[in-house]
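What follows is a short report on a single structure.
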Amino acid sequence: MKVKSLILSAALAAMAGGVSAEGVKVGMITTLSGGGAGLGIDVRDGFMLAVKQSGRDDIEVVIEDDQRKPDIAVQLADKMIQSEKVDVMTGIIWSNLAMAVVPATVAQGKFYLSPNAGPSALAGKGCHPNYFNVAWQNDNLHEAAGAYATSAGYSNSFILAPNYPAGQDALTGYKRTFGGELAGELFTKLGQTDYAAEIAQIRASGADSVFFFLPGGMGISFLKQYADSGIDIPVVGPAFSFDQGILQAVGDAALGVVNTSQWSKDIDNPTNAAFVETFQAEYGRLPSLYASQGFDTANLLISALATASPADADAFRAALKAANFDSTRGDFAFGSNHHPIQDIYAREVIKEGDVFTNKIIGVALEDHADAYAAECKM
């Protein structure tokens, strides 16, 4: 789907701007163009697949492209809340956009279900009863990477990430669980594509390992340049730079790299197997981490709608908190701050035929919650 704005609704008899008593109107703001568009497209496609499979005709989804710009995201959120009269919002990929949109959204009595961004500020003191994160708290996959690096015997890591909320959370998370020393620590520019200077610093650092968080095109650029540099220092990272939509662009440079994720296409449960099969049949590609998160977010919403309407905020909130749906991840539960408690896996990049993908090699962190829940006073 290449349209900028899509409205899906089979409830044509509903009043203009409203929803049926049992249904919901969802506003999805996500990144569909420019850098990072693949992430938003996958969240959208996973979400819409779950809506289609539900068979419900009372879920209306209004989708808009934030262009990865906070000011555009804020304008769209205002439009959706004030003009479209949405009940629930979702879709944002980037943490700086989430920080611009989520607090104002929940302050106006709307529910926000995050399929990706999980900044620490919204998990701790900035938590809110109407905010649920279905993916993770930003630190989580990086904490798992630090735990894996320690178990692998690395003792001197060079770490780098872009200088924005998710990048800051990433390095904080890695340092929280890594048992060794740091050979260096860098914040890069968001959207940067030339990493020659950073790679030169890594080469001179004496590091025995490199941890990086560079989502989307940033990770593709870094990995290709790193491989071309001839440096023989092992790389560890979170799934964001080794996910299905990125691996084909990275190619052989990613083979053998261990990365951490709360989802993988080879998680062995019936829901995940069916999701992988039906997503591939629907869209002609393997699902990514982001697609699985969009799918789970929609199914959380659908499960809550089975027992409550957003018009009854307390009942709807309780239904969301119960998380009574079959997740692609298997066991899924919310912590006290409405962030997931879940296993996080170590995966290795492999090649299946002509397709680069991941396979699980172990559990990096089991039943893992985030570090900020104690600061949440809900």
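Worth a mention:
- Each Lys and Arg adds +1 at its Cβ and each Asp and Glu adds -1 at its Cβ; summed about the Cα centre, region 221-282 shows a dipole of about 140 debye.
- When the chain is described by a simple charge dipole with +1 on each Lys and Arg Cβ and -1 on each Asp and Glu Cβ, the residue from A227, A273, T30 located farthest towards its positive end is T30.
- By accessible area, using a 1.4 Å probe on protein heavy atoms only, the chain has 51% of its surface on carbon and sulfur.
- Per residue, the convex hull spanned by the Cα atoms of region 250-343 measures out at 129 cubic angstrom.
- The chain, relative contact order in percent, only Cα pairs under 8 angstrom and at least six apart counted: 18
- Relative to the current alpha-carbon distance between K359 and D232, full extension at 0.36 nm per residue lengthens the span by 43.4 nm.
- The Kirkwood radius of region 206-255, taken over pairs of alpha-carbon atoms, gives through the Stokes-Einstein law at 4 °C and 1.567 mPa s a diffusion coefficient of 118 µm² s⁻¹.
- Region 219-378, relative contact order in percent, only Cα pairs under 8 angstrom and at least six apart counted: 24
- Dimensions of region 20-134 based on its C-alpha atoms, expressed as ranges along the principal axes with the largest first, amount to 36, 31, 26 Å.
- Note on region 218-297: semi-axes of the ellipsoid equivalent to its C-alpha gyration tensor, largest first and rounded to whole Å, are 27, 13, 10.
- Length-normalised contact order of region 176-249 in % [C-alpha pairs under 8 Å, at least 6 apart]: 33
- Given charges at beta-carbon only (K, R positive; D, E negative), |dipole| of the chain in Debye: 660
- The residues of region 284-346 have, on average, 32 Å² of accessible surface per residue, using a 1.4 Å probe with all protein chains present.
- Across region 128-234, Cα-Cα pairs more than 22 Å apart make up 31 percent of the total.
- Region 142-202 gives an Rg/Rh value of 0.99, both radii derived from C-alpha positions and Rh following Kirkwood.
- The Cα atoms of region 180-334 cover 59, 34, 28 Å along the three principal axes, with the biggest extent listed first.
- When only the Cβ of Lys, Arg, Asp and Glu is charged (+1, +1, -1, -1), the dipole of region 201-343 relative to its Cα centre reaches about 300 debye.
- For the chain, modelled as a GNM whose springs connect Cα atoms under 10 angstrom apart, the maximal fluctuation among P270, P310, P238 occurs at P270.
- Qualifying aspartates and glutamates (Cα of each under 16 Å from Cα of K175; at least 8 residues distant if same chain): D139, E143, E185, D208, D370
- Alpha-carbon centroids, region 31-104 and region 175-205: separation in whole Å: 32
- With 18 Å as the limit, the listed pairs K25/K79; K52/K359; K224/K265; K110/K321 have K52/K359; K224/K265 beyond it between alpha carbons.
- Among G353, G27, G40, the largest mean-square fluctuation in a Gaussian network model of the chain, built with springs joining Cα atoms closer than 10 Å, belongs to G353.
The values are calculated or read from the model by the stated rules, or taken from the named source; none is laboratory data. This one's a predicted model, so the numbers in the text were calculated from it and none came from an experiment. Neighbour counts run over all protein chains shown; Cβ positions are idealised from the backbone, glycine included. Just the protein is used for accessible areas: all its heavy atoms, side chains included, with ligands, DNA and RNA removed. Shrake-Rupley method; radii C 1.70, N 1.55, O 1.52, S 1.80 Å.
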